[in-house]
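Each remark here refers to the structure printed beneath this line.
Please treat every number below as a calculation from the coordinates, not as lab data. These figures come from a predicted structure and were not determined experimentally. Please note: Cβ atoms are built from the backbone with ideal geometry, for glycine as well, and neighbour counts cover all protein chains shown.
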Amino acid sequence: MNFPDNLKYSKEHEWVRIDGDEAYIGITDFAQGELGELVYIEVETVGQTLAKDEIFGTAEAVKTTSDLFMPVGGEVLEFNDQLDESEGDNPGLINEDPYGEGWIIKIKLTNVAELDDLMDATAYAAFIA
């Protein structure tokens, strides 16, 4: 399994990639593997400011639906239009490229210090082992 070193990871299997005071959030390779083929991603929180651990959306796979949790607090700026049913409608990108084209939301961070509560790649690999 792949866990890039430039990301931070949550116990709920989301990852965070920092870009200045903004961040991209998605689900890990482990999470997409556990969920299986993703068929629908729902995010109705664009424009909202959410706290750490709040639900920002859902991921629906062939056999299950899973809530998506904010690994850090922030304002949801954007939902990846390639995943959006009204745009590209390709949730399978998460299965194919969970850390790249399969990002789910972009946020503006509200508390950078919350990043310190997340795991690095080594700790996350040990967490799921």
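Tabulate in residue order the Karplus-calculated ³J(HN,Hα) for the stretch 21-30, using 6.51 cos²θ - 1.76 cosθ + 1.60 with θ = phi - 60°, rounded to whole Hz; enter x for Gly and Pro.
9, 10, 8, 9, 10, x, 10, 6, 4, 4
Rounded, prolate or oblate: pick one for the stretch 47-109, where a ≥ b ≥ c are the square roots of the eigenvalues of its C-alpha gyration tensor, a/c under 1.5 means rounded, and failing that, prolate if a/b is larger than b/c, else oblate.
Numbers: a/c = 1.88, a/b = 1.43, b/c = 1.32.
Cα axes put the stretch 47-109 in the prolate bin.
Straight-line reach from K52: which lysines have Cα under 20 Å away, leaving out those fewer than 8 places along the same chain?
Hits, sequence-local ones excluded: K8, K11, K106, K108.
Rank these for me by crowding, K52, K63, K106, going from fewest to most other beta carbons within 10 Å.
Working: K52 16, K63 9, K106 19.
With the fewest neighbours first, K52, K63, K106 line up as K63, K52, K106.
Amide H to amide H, which residues 5 or more places from G57 or on other chains are under 5 Å from it, using H placed in the peptide plane?
L68
Please compute the contact order of the chain in relative form: average sequence separation of alpha-carbon pairs under 8 Å and at least six residues apart, divided by the residue count, as a percent.
Details: 285 pairs, mean separation 38.8, N = 129.
Averaging sequence separation for qualifying contacts and normalising by length gives 30 percent for the chain.
Which of rounded, prolate or oblate describes the chain when judged by the alpha-carbon gyration tensor and an a/c cut-off of 1.5? If you can, show how the numbers build up before the last one.
Details: a/c = 1.65, a/b = 1.10, b/c = 1.50.
Note, shape of the chain comes out oblate.
Test of understanding: in a Gaussian network model of the chain with alpha carbons linked when under 10 Å, which of F56, F69, F30 would top the mean-square fluctuation ranking?
The residue with the greatest mean-square fluctuation here is F30.
Relative contact order (percent) for the stretch 80-129, with alpha-carbon contacts under 8 angstrom and 6 or more residues of separation? Don't jump to the answer; show the numbers that get you there.
Numbers: 29 pairs, mean separation 11.4, N = 50.
Here the relative contact order equals 23 percent.
Neighbouring Cβ atoms within 10 Å as the yardstick, rank E42, E14, E34 fewest first. Kindly include the intermediate steps, with their values, before the conclusion.
On the way: E42 17, E14 23, E34 14.
Starting with the residue having the fewest Cβ neighbours, the order is E34, E42, E14.
With a cut-off of 8 Å between alpha carbons and a minimum separation of six or more residues, what is the relative contact order of the stretch 40-115 in percent? Could the numbers behind the result be given before it?
Working: 146 pairs, mean separation 21.8, N = 76.
Over the stretch 40-115, the number comes to 29 percent.
Would you work out which of L115, A129, G74 lies farthest towards the positive end of the dipole of the chain, given +1 charges on the beta-carbon of Lys and Arg and -1 on that of Asp and Glu, about the Cα centre?
Going by the charge dipole, the pick is A129.
Can you work out the Karplus-derived ³J(HN,Hα) for every residue in the stretch 112-123? Use 6.51 cos²θ - 1.76 cosθ + 1.60 with θ = phi - 60°, whole Hz, and x for glycine or proline.
Whole-Hz 3J(HN,Hα) from phi for the stretch 112-123: 4, 4, 5, 4, 5, 7, 8, 8, 7, 4, 5, 5.
Taking the Cα centre as origin and putting +1 on Lys and Arg beta-carbons and -1 on Asp and Glu beta-carbons, what dipole magnitude results for the chain, to the nearest 20 debye? Don't jump to the answer; show the numbers that get you there.
On the way: 7 positive and 29 negative charges, 79 e Å.
Taking the Cα centre of the chain as origin, the dipole is about 380 debye.
Which order results if M119, M1, M70 are arranged by neighbouring Cβ count within 10 Å, fewest first?
Numbers: M119 19, M1 9, M70 26.
Sorted ascending by nearby Cβ count, the order is M1, M119, M70.
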